[in-house]
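Notes follow once the structure below has been shown.
The values are calculated or read from the model by the stated rules, or taken from the named source; none is laboratory data. Values in this document were obtained by computation on a predicted structure and should not be read as measured data. Cβ placement follows ideal geometry from the backbone for every residue including glycine, while neighbour counts extend to all protein chains displayed.
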């Protein structure tokens, strides 16, 4: 390091894994020269559970309950990618209604994730009030999830070929009510936070990433979009039915923590817009393509033929992954969540490589905190938005 | 002399701006003083679980055909299905069935895939014990129905706090049960 040192003996501080405002079990070994950060080394692996290896001896349906434990704040996205990978591998169509239900669930989950980013981020900066306000709204999202899926966080709702169950009666109206309520909530947050001089002092110009740097580090999601790159996989690489809705990619060009805050708040509004359109246009019909659950394919049974047996009930899933490989990605709240899947003509995936957005985004942390003050570490780390469940997997 | 004056003026403007924004934040906070709490006092008040709530699993012994689908869809092959093949009827006879709820994560796969619907989810979620082995339920324990929240007289069931407050004012009876 070629930084001017004011003293010879540097102080090495261990932040985490039990630091109160450390997000999850991340450990930072910080070298300090007074208040100035000279170096920072993140230590990972405290929450490593071998998720990729577990996938190699589970069928997809057996593996689905595990995936909500990667990113436990944006649970629907992990499920979406887990079913999208086999669907794309085997080229399975899903009914339009299922696709719309997925979009609604994904966007609700994005709001929940951004909310639980906003609260702790503000708490890191010393503002406690938003932390309690976000839980009020997040609770409503989780109530919606609970009504549709049966669980608040570990939904186990998406299935290969659709979703596990249709939306319950009256859910759509509840969802619309929530949208109206939440838009008022966002206004409230912005009144509280966006113009607040103390907040601005702490985030403006802190943790600057230029557009080129962001691309070179492989960042994705709000981290990338806050640096002036209009890259959103929902637009760039459309999946589900995102191209049927009218919405805009949220982006800022400043590249500091404030820009990342504005991108995320803007994304919550856009999500509400998508949900309102999806709820408005949701088509009828089946919610699951039961054909993919067929025990074994009979040789001479054409679809809709005389001898063809339609499936009315869910048989045991016997879903074989053919000997192919592919990379599938979705735009999770934290960035690009991808799966590199290698099939082997068996029920179990041969390889299930997870590309977690948080892990890739965390790389840039040491570079960002160097030459900053100690108190800025929490601001920068908060603005990166990591979840250790998916960083360590 | 002159830069000092401008410095003072900009400082004054900053102070006024800061005061205004902080005042605005306080108004937002104060606007919440006129509403009722959104939390509930859990052990005494409980919210009604939705229909699809995934609580303790209920099992009907007579319906089970010992096909072991529940074992195959379970992430950790948790249900223990003990059966014997009866030669005279050429069928599997179920002897014992158990699920260890200390290990179960209530993902609901077994319930979803059971071909005879002998498994179902109940609304029971208070499964704490002093000994985790007590959570290993056999077919007898699995077939017990949970105490309905509605029937439990030690708690008051509410949907949201504002409604219960209204009901409390209306009736002299302190216990309110609001059904769907």
What's the number of the condition residue B:29 fails, among (1) facing chain A (nearest Cβ under 7 Å); (2) under 27 Å from residue B:125 (Cα atoms)?
-> (2)
Subset tally (residues that are closer than 30 Å to residue A:57 by Cβ and either without any contact (Cβ under 8 Å) to a residue 60 or more places away in the chain or assigned to a loop (DSSP other than H, G, I, E, B) (or both)) for the stretch A:364-389 = 2
Is one or more of the residues making up the stretch A:84-95 over 30 Å from residue A:179 (Cβ atoms) and in contact with a helix residue (DSSP H, G or I) (Cβ under 6 Å, 6 or more places away or on another chain)?
-> yes
Within the stretch A:180-202, restricting attention to residues that are buried (at least 19 other Cβ atoms within 10 Å of the Cβ) and away from chain B (no Cβ under 13 Å), which residue is modelled with the highest pLDDT?
-> A:182
Say we look at the stretch A:47-64 and pick out the residues that are in contact with a helix residue (DSSP H, G or I) (Cβ under 7 Å, 6 or more places away or on another chain) and within 13 Å of chain B (Cβ to nearest Cβ); which of these is surrounded by the fewest Cβ atoms within 10 Å (Cβ to Cβ)?
-> A:54
If you check residue B:16 against the conditions, is it under 28 Å from residue A:196 (Cβ atoms), more than 10 Å from chain A (Cβ to nearest Cβ), surrounded by fewer than 14 Cβ atoms within 10 Å (Cβ to Cβ) and without any contact (Cβ under 8 Å) to a residue 24 or more places away in the chain?
-> yes
Would the stretch B:122-137 turn up any residue that is touching a residue at least 12 places away in the same chain (Cβ under 8 Å), in a strand (DSSP E or B) and in contact with a strand residue (DSSP E or B) (Cβ under 8 Å, 6 or more places away or on another chain)?
-> yes
Going through the stretch A:238-255 one residue at a time, which ones are out of contact with any strand residue (DSSP E or B) (no Cβ under 7 Å at 6 or more places or on another chain), in contact (Cβ under 8 Å) with a residue 60 or more places away in the chain and not in a helix (DSSP H, G or I)?
-> A:240, A:241, A:245
Residue within the stretch A:162-170 that is within 11 Å of chain B (Cβ to nearest Cβ) and part of a helix (DSSP H, G or I) present = no
Might you let me know whether the stretch A:171-179 holds any residue that is more than 12 Å from chain B (Cβ to nearest Cβ), within 26 Å of residue A:357 (Cα to Cα) and modelled with pLDDT of 85 or more?
-> no
Among the residues of the stretch B:57-106, write down those that are within 13 Å of chain A (Cβ to nearest Cβ) and either touching a residue at least 60 places away in the same chain (Cβ under 8 Å) or in a helix (DSSP H, G or I) (or both).
-> B:57, B:69, B:70, B:71, B:72, B:73
